[in-house]
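Engineer: The structure that follows is given in the form of structure tokens.
The values are calculated or read from the model by the stated rules, or taken from the named source; none is laboratory data. Keep in mind that this is a model prediction, so the values were computed, not measured. Backbone-built Cβ (ideal geometry, glycine too); neighbour counts: all protein chains shown. Keep in mind that these areas ignore ligands, DNA and RNA; they rest on the heavy atoms of the full protein, side chains included. Shrake-Rupley method; radii C 1.70, N 1.55, O 1.52, S 1.80 Å.
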Amino acid sequence: MMIKKTMLSLLLLFGSMSYGQESKMVTGYFDNDTVIDTLYYKFNIDSANGPIYQCTMIRSDKKEKLSFDIGVAFKSFQVSNCGKGCIETYQWKTGMDGFEEYKTYKYCKEYDNWILKKERTLDADGKEKTTTHKKTITGIDGREYKK
């Protein structure tokens with residue numbers, strides 16, 4: 001009987017771990033053309049960079065796969081389409097030190113990357129801070145570009 005309980009516990013543990021590792025998917029006109037693209041993202045812990053979301057975009061016009069990582073602070077994260085050529089990320093944490101963070105990226109053909117345009121953060125007290133990025137050029141993958 002004890003062995004059955006142990007086996008059941010292990011099965012539930014491994015099942016919940018694999019469930020948490022599922023890829024999520026979002027579609028949209030991410031690279032600013034007229035063909036729908038598909039973006040898959042999955043949580044992972046990178047030994048060098050900490051928590052990340054591994055992203056794979058399949059560009060339908062070229063059947064091309066583009067892979068990049070987005071660094072995050074917590075596992076609570078989602079990606080959405082915010083219009084043509086636009087990706088928005090949303091990250092949150094609940095509790096007394098909780099926050100919500102939105103980042104808006106616009107596609108730039110010159111860099112073949114999504115460039116950070118705006119960050120909006122709400123803290124647990126409801127204070128809002130908005131930052132627009134005009135002086136720096138930072139890609140969705142964290143890559144810095146010279147102006």
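Engineer: Report, by residue number, each residue of segment 98-141 that is closer than 23 Å to Lys84 by Cβ and hydrophobic (A, V, I, L, M, F, W, C).
Structural biologist: Cys108, Trp114, Ile115, Leu116, Ile137, Ile140
Engineer: While we're looking at this one, here's another question. What's the number of the condition Arg120 fails, among (1) of a type outside the set (Gly, Ala, Ser); (2) touching a Leu at 6+ places or on another chain (Cβ under 8 Å); (3) closer than 24 Å to Lys147 by Cα?
Structural biologist: All conditions are met except number (2).
Engineer: Restricting attention to segment 21-29, does a residue exist that is in a strand (DSSP E or B), hydroxyl-bearing (Ser, Thr, Tyr) and modelled with pLDDT of 60 or more?
Structural biologist: yes
Engineer: Select from segment 113-130 the residues that are open to solvent by 50 Å² or more (accessible area, probe 1.4 Å) and in contact (Cβ under 8 Å) with a residue 12 or more places away in the chain and write down the one among them that is farthest from Thr94 (Cα to Cα).
Structural biologist: Going through the qualifying residues, I end up with Lys117.
Engineer: If you don't mind, there's one more thing I want to ask. Mind listing whichever residues of segment 30-50 are in contact with a Gly (Cβ under 9 Å, 6 or more places away or on another chain) and modelled with pLDDT under 90?
Structural biologist: Asp31, Asn32, Asp33, Asp46, Asn49, Gly50, listed by residue number.
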